[in-house]
Amino acid sequence: MSPLYVPPPECLLKSFTVPRRYLFGPGPSNVPPRILTAGSQPMLGHLHAETIEIMDHIKSGIQYAFQTQNRMTLAVSGPGHAAMECAIFNSVECGDSVLIAVNGIWGERAAEIAERIGAKVNKIVTSAGSYFRNDEIEQALSKYKPVLFFLTHGESSTGVVHPIDGIGELCHRYNCLFLVDSVAALGGSPIYMDKQDIDIMYTGSQKVLNVPPGTAPISFSERACCRIFSRKTKPVSYFLDLSWLANYWGCDRKSAQHLHNHINVNLNKLMLSISLHKDVAAYFHEGLERIGLKPFVEDKKARLPTVTTIVAPPGYDWREITGYIMKNHNIEISGGLGPSVGMVLRVGLMGCNSNKPYVDMILEALTDALKHCHKSKV
Ligand code: PMP
């Protein structure tokens, strides 16, 4: 009789063919062959000289992409959520006051993360599709005296790119750190960490960077490090504790590095890709109007170039449209998220996917879907 209580699963004994698809949702984006090839390089040991060299290159790439000279710059092993928790867990202690800007789902998530560690969470909230003025932010900073202010740069649930200028300076006037989530915008919309006085910023790999999910670039200013390394209590997460990560990534000036892994992050040509995203998005938005669809964000300058939200066509079921396009055109686009559920379709054109022939393909698919999906009288 076999000693195995659980037999080997049949499904694991069969090969699995992964279909090729156009990933034009809000993420992940397609991974170009150059990066897929980088992922199939031989395995290295976690302390080999070449591994350390690769990590140093990754750090320099992130400093370039973020436009920062911060020494404390690294990539967290995990998706964007890991970086989000890393930022908040390290900079906030139980009982601290924090201020969260909510103009979509990512502010809501940041608030929940801060709540879970016992912070006093204060929110400013605006409707889906809009953003905050600096005087509204200043009023809340002066009222709540937070240690940290969280803002989403590219709100992928509503398609808004938030203005950043002047906010860091305001935060510092109120002795508060400025934290920016640029998961859905970095590389597609300009941001300058040092020049814009941002204290903590992170992004994800699976959007504009065209890398599979699982590594999240993050950077901390000197001001953020001073606060983090003088906290009274240890951060709740061992895995995301910045003192460990700093050593792991060689950011703490200690001679011995412990405990690290290596990842493939391709951060080249980012600055070129920023103007490209803007042009391609404008071309897409014009095309939408031509086929009778309406961008959800009315203020043109607040439209996120990486993720476009489209008013859900009246009379249609958005699920039928996304399903039709997947089935007949092999293209993924998505419906709304959080406050925009049922209100919008979302189309992401990020990194190598940001080009005009792909826009034409999406416009054709949308036109076809509107012709063939069921439309009720409105
Ligand atoms: N922030 C924003 C703005 C995002 O768009 C996302 C992912 N859609 C995240 C955070 C979370 O990233 P991840 O899914 O990689 O955890």
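Structure notes:
- The number of residues in region 2-55 that are outside any helix (DSSP H, G or I) and at negative phi comes to 35.
- Exactly one residue out of Ile274, Ile310 is at pLDDT below 95 and either surrounded by fewer than 14 Cβ atoms within 10 Å (Cβ to Cβ) or within 23 Å of the chain's Cα centre (by Cα) (or both): that is Ile274.
- Filtered by the rule that a residue be under 17 Å from Phe149 (Cβ atoms) and of a type in the set (Val, Ile, Thr), region 55-101 gives Ile88, Val92, Val98, Ile100.
- For Glu155, the criteria (1) within 16 Å of the ligand (Cβ to nearest atom); (2) touching a strand residue (DSSP E or B) at 6+ places or on another chain (Cβ under 6 Å) hold in every case but one, which is (2).
- Every residue from region 335-378 that is buried (at least 18 other Cβ atoms within 10 Å of the Cβ) and of a type in the set (Gly, Ala, Ser): Gly335, Gly336, Ser340, Gly348, Gly351, Ser354, Ala365, Ala369
- A Cβ distance below 6 Å, combined with a sequence gap of six or more or placement on separate chains, defines the contacts here; from region 349-378, residues that are of a type in the set (Lys, Arg) reach residues that are part of a helix (DSSP H, G or I) in the pairs Lys356/Tyr283.
- The set of residues in region 148-161 that are in contact with a helix residue (DSSP H, G or I) (Cβ under 8 Å, 6 or more places away or on another chain) and closer than 23 Å to Tyr174 by Cβ comprises Leu148, Phe149, Phe150, Leu151, Thr152.
- If only residues of region 191-202 that are more than 11 Å from the ligand (Cβ to nearest atom) and closer than 30 Å to Pro33 by Cβ are counted, the one that is surrounded by the fewest Cβ atoms within 10 Å (Cβ to Cβ) is Ile191.
- Matching option when the condition is at pLDDT 95 or above, surrounded by 18 or more Cβ atoms within 10 Å (Cβ to Cβ) and touching a Gly at 6+ places or on another chain (Cβ under 8 Å), among Ser157, Ser205: Ser157
- Residue in region 136-151 that is among the polar types (S, T, N, Q), assigned to a helix (DSSP H, G or I) and over 23 Å from Pro26 (Cα atoms) present: yes
- Annotation: of all residues in region 169-190 being surrounded by fewer than 24 Cβ atoms within 10 Å (Cβ to Cβ) and under 23 Å from Ala128 (Cα atoms), the one that is farthest from the ligand (Cβ to nearest atom) is Pro190.
- The number of residues in region 80-105 being within 12 Å of the ligand (Cβ to nearest atom) and surrounded by fewer than 18 Cβ atoms within 10 Å (Cβ to Cβ) comes to 1.
- Selection status of Glu115, away from the ligand (no atom under 16 Å from the Cβ) and either under 22 Å from Asp241 (Cβ atoms) or in a helix (DSSP H, G or I) (or both): yes
- In region 121-135 there is no residue matching the filter, namely being in a helix (DSSP H, G or I), in contact (Cβ under 8 Å) with a residue 12 or more places away in the chain and closer than 19 Å to Cys226 by Cβ.
- No other residue among Pro32, Pro26 is farther than 20 Å from Ile164 by Cβ and within 16 Å of the ligand (Cβ to nearest atom) apart from Pro26.
- Cβ pairs under 6 Å, 6+ apart, first in region 175-189 and at pLDDT 95 or above, second assigned to a strand (DSSP E or B) and more than 12 Å from the ligand (Cβ to nearest atom): Cys176/Phe149; Leu177/Leu148; Phe178/Phe149; Leu179/Leu148; Leu179/Ile200
- In the set Ile333, Ile325, only one residue is of a type in the set (Val, Ile, Thr) and under 18 Å from the mean Cα position of the chain (by Cα); that residue is Ile333.
- Hey, Thr68 on the phi < 0 side of the Ramachandran plot, part of a loop (DSSP other than H, G, I, E, B) and among the polar types (S, T, N, Q) or not: yes
The values are calculated or read from the model by the stated rules, or taken from the named source; none is laboratory data. None of these values were measured; they are calculated from a predicted model. For neighbour counting, all protein chains shown are included, and Cβ atoms are generated from backbone atoms with ideal geometry for every residue, glycine included.
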